[in-house]
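**Student:** Right, I'll just put the structure down here and ask away after.
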Amino acid sequence: MNDLDPKIFSAIDSERRGTSSEEVVARLREMIHRGDLRPGDRLPAERELAKLLGVSRPTLRAGIGSLAALGVLQSRQGAGTFVVNTDGPPALDSGPLRMMAALHGFTTAEMFEARRALEMAIAGLAAERATGDYMATMAEEVAGMFASLDEPEQFLIHDMHFHQTVAAASGNRILTALMNMVATILFDVRSKTVKRATDLKESAEMHRRIYRAIRQHNWQEARSAMRDHLMLAQKAQEEEIDQDPGSTGLTSRSASSVVESSESA
């Protein structure tokens, strides 16, 4: 466990860049890329870190939650928040895929089609290989979804954790890394629109169906349940964006503009 020198942190320039949770995410990612934050490092306590970055505690909490959902940070009750160790599944930077989406105009339909192909295969493998520890974590995330039906942002974090656990349970680190790369971009989009979600209970039920199929080692049902869930997720995300496309700079048919928007945020 590595405690950090507070001097490596500096306040976000609120006048120039704002103090949204996205800025917290950008700052911490930047520190990781520079090597200021390394695997195993423990972040300062929430109150202290919020003060060091010059943001409110809710803003910091939201940023840390997003990075935790993406597998960059891990919060351990009673111990603190840590930069994830590299002994887990490899993580691919989604930057190159974002650039390709901007250059070639990838559509959200294409992104979800790629995600379905990856996660259906992952769900089938998880049904064959998942151990008790992975099953317990999946169950916890499903329970967390049902407990946060009135808190869309928290629901989305449980959602992402569930999918990451299924991927880890598949035992295929390459599929896991590819899934995380695609899912990260879609997660970034959904995090800006999920407040308008109307399907969270149905989504939670679908995650429970996936969990049950994996627990029963029914790989065909696991694949089918994952496909049905991701079809619903695509429809829900497109409807949320169409309600207010200006919030992401995206229409339901083009992914490139939101990629550019998230890169410049």
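The values are calculated or read from the model by the stated rules, or taken from the named source; none is laboratory data. Everything numeric in this text was worked out from a predicted model, so none of it was measured. No Cβ is skipped: glycine too gets one built from the backbone with ideal geometry, and neighbour counts run over all protein chains shown.
**Student:** Which of the numbered conditions does T137 fail, given that it passes all the others? Conditions: (1) among the hydroxyl-bearing types (S, T, Y); (2) modelled with pLDDT of 85 or more; (3) not in a helix (DSSP H, G or I).
**Tutor:** For T137, the failing item is (3).
**Student:** Please state which one of A183, A167, A255, A213 is at pLDDT 95 or above, outside the structural domain of S21 (by TED's automatic domain parsing) and surrounded by 22 or more Cβ atoms within 10 Å (Cβ to Cβ).
**Tutor:** Selected residue: A213, the only one of A183, A167, A255, A213 that is at pLDDT 95 or above, outside the structural domain of S21 (by TED's automatic domain parsing) and surrounded by 22 or more Cβ atoms within 10 Å (Cβ to Cβ).
**Student:** Right, another one. Would you check which residues across the range 29-66 are within 23 Å of V194 (Cα to Cα), in a helix (DSSP H, G or I) and among the aliphatic types (A, V, I, L, M) and list them?
**Tutor:** Correct list: L60, A62, I64.
**Student:** Can you tell which of A69, A26 is surrounded by 15 or more Cβ atoms within 10 Å (Cβ to Cβ), closer than 20 Å to T176 by Cβ and small (G, A, S)?
**Tutor:** Result of the check over A69, A26: A69.
**Student:** Give A123, A130 a once-over and let me know the one that is touching a Gly at 6+ places or on another chain (Cβ under 9 Å), at pLDDT 70 or above and of a type in the set (A, V, I, L, M).
**Tutor:** Testing whether each residue is touching a Gly at 6+ places or on another chain (Cβ under 9 Å), at pLDDT 70 or above and of a type in the set (A, V, I, L, M) leaves just A130.
**Student:** Here's a follow-up. Taking D150 as meeting all but one of (1) assigned to a loop (DSSP other than H, G, I, E, B); (2) within 22 Å of V72 (Cα to Cα), write down the number of the exception.
**Tutor:** Of the numbered conditions (1) assigned to a loop (DSSP other than H, G, I, E, B); (2) within 22 Å of V72 (Cα to Cα), the odd one out for D150 is (2).
**Student:** Separate question: In the range 200-234, how many are within 21 Å of Q154 (Cα to Cα) and either part of a loop (DSSP other than H, G, I, E, B) or not hydrophobic (A, V, I, L, M, F, W, C) (or both)?
**Tutor:** Of the residues in that region, 10 qualify.
**Student:** Now for a separate question. Does the range 124-147 include one or more residues that are within 18 Å of the chain's Cα centre (by Cα), of a type in the set (D, E), buried (at least 16 other Cβ atoms within 10 Å of the Cβ) and over 20 Å from S21 (Cα atoms)?
**Tutor:** Within the range 124-147, one or more residues are within 18 Å of the chain's Cα centre (by Cα), of a type in the set (D, E), buried (at least 16 other Cβ atoms within 10 Å of the Cβ) and over 20 Å from S21 (Cα atoms).
**Student:** Within the range 16-28, can you find the residues that are touching a helix residue (DSSP H, G or I) at 6+ places or on another chain (Cβ under 9 Å) and in a helix (DSSP H, G or I)?
**Tutor:** R17, S21, E22, E23, V24, V25, A26, R27, L28
**Student:** Being on the phi > 0 side of the Ramachandran plot and not charged (D, E, K, R), is that true of even one residue in the range 164-176?
**Tutor:** Yes.
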